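Written out below as structure tokens is the structure these notes cover.
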Amino acid sequence: MDADVLLKRYNLGDRDFSGTHLRRVNLSRCILTGIDLSRADLTDAALQGANLQGADLQGAILSDVNLSQADLRGADLRGVILVSADLRWVSLRKANLTGADLSRANLANADLSEANLTGAQLSEAILRDANLTLTDLTLAELERANLSRANLTDAYLRGADLADAILRESQLVQANLRGANLGATNLQQANLERAVLIGANLRRARLEEANLREVSFKEANLRHACLDKAKLVGADLRGVSLARALLRGADLSSAILIGANLMGANLSGADLRGANLIEAILTGASLSGVDLSVVDMTQAILPDGELST
């Protein structure tokens, strides 16, 4: 079906175009609100600037499609294939993208606020400066995705895979990352204030100068992570593994490090005023320039292997 036929039928009141073959069709800037394009093949289609509010695109094939600046607010995109699609500046606010495949898609500056991306595939996707406020990314696959400066405030990322992703300068205030995989993820200068990272994997993650105030890291893995100059004021690090981690110049004032593993960690110049290191393991740790007189280290294992009393 070509564009003229589709638009003629649409203007006559027809909305059901499910399963239609529309490869390379040009529907740029067309108003197609409420249209049913479920299971349609729109490979290589031009839909930039199109109004598709409330559209049904369940199971549609949209690989390599151009949807830049399109309006897809409230659209149903469950199971849609958007591999390598151009989605720059697209509005997907409150859209349902459960199980969608957006691998390598370009979503720079896109509005995905309050969208449902549960189980979505976003590996290697570009999400720079995207708005993901209150977005549900439970179990989403985001390996090697670029989320630099993205806004993920109050986002739900429980169990998401963000291995090797770039989240530099991103906003993750109060985000839920319980059990997420952030191995080797770049979170330099990111804002994670009051975020939940309980049981998360942050092995070899880069968190230099990140804002981690009051973050809950309980039982998380931060082995070999770099937290130089990070702000960890009041952070909950109970039972966390920080073995061989870099915490040079970090602000750990009032942090809870009960039972934390800091073997071989570098805490040179760190601020530990009011921190709680009861039963922490500090074997081989570097504490040069650290004032330990204001730290509770009851029953902690000191750098020389001695037990603190």
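The values are calculated or read from the model by the stated rules, or taken from the named source; none is laboratory data. It should be emphasised that the depicted structure is a prediction, and the values quoted were computed from it without experimental measurement. Note that we place each Cβ from the backbone using ideal geometry, even for glycine, and neighbour counts take in every protein chain shown. What goes into the accessible areas is simple: the full protein's heavy atoms, side chains included, and nothing from ligands, DNA or RNA. Shrake-Rupley method; radii C 1.70, N 1.55, O 1.52, S 1.80 Å.
Only residues that are open to solvent by less than 40 Å² (accessible area, probe 1.4 Å) and either touching a residue at least 40 places away in the same chain (Cβ under 8 Å) or of a type in the set (Val, Ile, Thr) (or both) were counted in the range 77-112, giving 3.
For the range 250-277, taking the residues that are open to solvent by 50 Å² or more (accessible area, probe 1.4 Å) and out of contact with any helix residue (DSSP H, G or I) (no Cβ under 9 Å at 6 or more places or on another chain), the one that is farthest from ARG213 (Cα to Cα) is identified as MET263. Among the residues making up the range 167-195, those that are of a type in the set (A, V, I, L, M, F, W, C), crowded, with 23+ Cβ neighbours inside 10 Å and farther than 14 Å from LYS231 by Cα are LEU167, LEU172, ALA175, LEU177, ALA180, LEU182.
For the range 158-173, a tally of residues being over 17 Å from ASN201 (Cβ atoms) and either of a type outside the set (A, V, I, L, M) or at pLDDT below 95 (or both) returns 4. Summed over the range 141-172, residues that are assigned to a loop (DSSP other than H, G, I, E, B) and among the β-branched types (Val, Ile, Thr) total 1. Among the residues of the range 228-251, are any within 20 Å of THR298 (Cβ to Cβ), of a type in the set (Asp, Glu) and at pLDDT 95 or above? Yes: the range 228-251 contains one or more residues that are within 20 Å of THR298 (Cβ to Cβ), of a type in the set (Asp, Glu) and at pLDDT 95 or above.
Between a residue in the range 1-23 that is under 22 Å from ASN66 (Cα atoms) and β-branched (Val, Ile, Thr) and any residue that is in a loop (DSSP other than H, G, I, E, B) and open to solvent by less than 40 Å² (accessible area, probe 1.4 Å), which pairs come within a Cβ distance under 9 Å, given they are 6 or more apart or on different chains? What qualifies is THR20/LEU37; THR20/ALA40; THR20/LEU42.
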